[in-house]
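This report concerns only the one structure given below.
No value in this document is a laboratory result; all are computed from the given coordinates. Remember, it's a predicted structure, so these values are computed and weren't measured experimentally. Because the Cβ atoms are built from the backbone with ideal geometry, glycine has one as well, and the counts that use them run over all protein chains shown.
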Amino acid sequence: MIIGVTGSLGTGTSTAARYIAADLNAKLIDADKVARSQVSKNTSLIKRIVSNFGKEILDKEGKVDRTKLAEKAFANRHSYKKLCDIIYPVIIAEIDSIREEIYKQGISDFVIDGPVLIESGFYKECDLLIVVTSSLPLQLERAWIKKKIRRKDALSRIRLQMPLHEKVRYADYIIDNNAALAKLRQKCVEITSEFKIRKIRRR
């Protein structure tokens, strides 16, 4: 089973994904980590990014400076789409490769943590999709506390992504993460308990 967990900047997607993976004893794949790895190691991808965004996004060692890339990519919708078109196929291919390797170990349950599962089209590979939502003020607060992203920059990123009210239309489950962490934990337990009951019934 492939469970996708998505949301937006600061909604708590990664925390929910960790809880769900732990409760189901499933393998957690963090799409953001995959993206960071590919941007730092995949030479053909790096060449395409530099070709489209310029050598000024590179640091002194010739590696992609993710902060400089973000400044350019989130500058406007055209730039954002350009980066997405370049990087989405690479991330999806790498996730599929990781899954295949894990399948060989006898693990068949996966939780994919990714903020753009819907936009990238990867949600079509998921058996279930969970969307984590939150109020905008909380998103901005969490973006600063956890990632040190300033309000202006966080707003820019959120506005370029698919709105949450559109994402929930794709969801099998919606987690409202506007309360304390304990409430998020409780909601994840409720969802995973339902998954477990479904598995027992299928047997």
Query raised in the report: Within the group A154, A143, A182, A171, which residue is in contact with a strand residue (DSSP E or B) (Cβ under 6 Å, 6 or more places away or on another chain) and among the small types (G, A, S)?
Result: A171
**Report entry** When residues of the range 4-14 are limited to those that are touching a Ser or Thr at 6+ places or on another chain (Cβ under 9 Å) and not in a loop (DSSP other than H, G, I, E, B), the one surrounded by the fewest Cβ atoms within 10 Å (Cβ to Cβ)
**Finding:** T13
Report summary line: So, first residue under 19 Å from E119 (Cα atoms) in the range 169-183, second residue aromatic (F, W, Y) and surrounded by 13 or more Cβ atoms within 10 Å (Cβ to Cβ), Cβ within less than 8 Å, six or more apart or across chains; the pairs are Y170/Y123
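Which of the residues belonging to the range 53-86 are surrounded by fewer than 14 Cβ atoms within 10 Å (Cβ to Cβ) and either among the hydroxyl-bearing types (S, T, Y) or outside any helix (DSSP H, G or I) (or both)?
If the condition is that a residue be surrounded by fewer than 14 Cβ atoms within 10 Å (Cβ to Cβ) and either among the hydroxyl-bearing types (S, T, Y) or outside any helix (DSSP H, G or I) (or both), then G54, D59, K60, E61, G62, K63, T67, A75, N76 are the ones that fit.
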Query - Residue among E94, E100 that is more than 16 Å from A17 (Cα to Cα), acidic (D, E) and surrounded by fewer than 12 Cβ atoms within 10 Å (Cβ to Cβ) - result: E100
Query raised in the report: List, please: which pairs have Cβ atoms under 8 Å, are six or more places apart or on different chains, and start with a residue in the range 15-40 that is outside any helix (DSSP H, G or I) and end with one that is hydroxyl-bearing (S, T, Y) and crowded, with 18+ Cβ neighbours inside 10 Å?
Result: D30/S14
Requested in this report: Look through K147, K152, K196 and report the one residue that is touching an Asp or Glu at 6+ places or on another chain (Cβ under 9 Å) and basic (K, R).
Outcome: K196
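Residue-wise test of (1) assigned to a helix (DSSP H, G or I); (2) farther than 25 Å from A22 by Cβ; (3) in contact with a Gly (Cβ under 6 Å, 6 or more places away or on another chain).
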site	(1), (2), (3)
P115	no, no, no
I118	no, no, no
Y123	yes, no, yes
I149	no, yes, no
R157	yes, yes, no
I175	no, no, no
N178	no, no, no
